[in-house]
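The values are calculated or read from the model by the stated rules, or taken from the named source; none is laboratory data. Keep in mind it's a predicted model, so treat the numbers as computed, not measured. Note: ideal-geometry Cβ built from the backbone for every residue, glycine included; neighbour counts use all protein chains shown.
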Amino acid sequence: MKKRFFTAFRMTFILMCFSSSLTFAVERNPFEPLVTSPDKLSQTASPEQYALGQLSLKAVIWDTEKKLALFQTDDGKTLIVKPGNKIGKKGGILTSIGDNIVFIKEGTKEVKFRLKN
């Protein structure tokens, strides 16, 4: 009976020591930069490099001071745009963001994007 207890205790102690050392080994250094090479910076998507037909509105984010529109491209990239930003290959400008709708003025026409329910 004592032998089983000590064996179980020893195994638990070993597992606790091993798991705590594993946890510390996996944690990220908070002082290490998230982006380590300049190549990664050039991979960010610009709202001006996509046609409006390639975009779909996924979310509208707002607080008391500002509103943001979150778009997803056909190739799965995410774009965050605020009023006044250029968007689209034809020089469109995001004019306003409502609760579930976004308006973009592209030349003389106005394009609406609605959130899907």
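Residue 40 fails exactly one of the following numbered conditions: (1) part of a helix (DSSP H, G or I); (2) at pLDDT 85 or above; (3) under 18 Å from the mean Cα position of the chain (by Cα). What is the number of that condition? So residue 40 meets the others, but not (2).
Filtering the range 76-117 to residues that are part of a strand (DSSP E or B), in contact (Cβ under 8 Å) with a residue 24 or more places away in the chain and among the charged types (D, E, K, R) leaves 86, 106, 114. Only residues that are closer than 21 Å to residue 49 by Cβ and among the charged types (D, E, K, R) were counted in the range 66-117, giving 10.
Within the range 77-100, the set of residues being of a type in the set (Val, Ile, Thr) and under 20 Å from the mean Cα position of the chain (by Cα) comprises 78, 80, 81, 87, 97.
Here is a yes/no grid of residues against (1) at pLDDT 90 or above; (2) of a type in the set (Gly, Ala, Ser); (3) farther than 28 Å from residue 117 by Cβ:
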{"site": "13", "(1), (2), (3)": "no, no, yes"}
{"site": "33", "(1), (2), (3)": "no, no, yes"}
{"site": "51", "(1), (2), (3)": "yes, yes, no"}
{"site": "54", "(1), (2), (3)": "yes, no, no"}
{"site": "65", "(1), (2), (3)": "no, no, no"}
{"site": "70", "(1), (2), (3)": "yes, no, no"}
{"site": "76", "(1), (2), (3)": "no, yes, no"}
{"site": "90", "(1), (2), (3)": "yes, no, yes"}
{"site": "103", "(1), (2), (3)": "yes, no, no"}
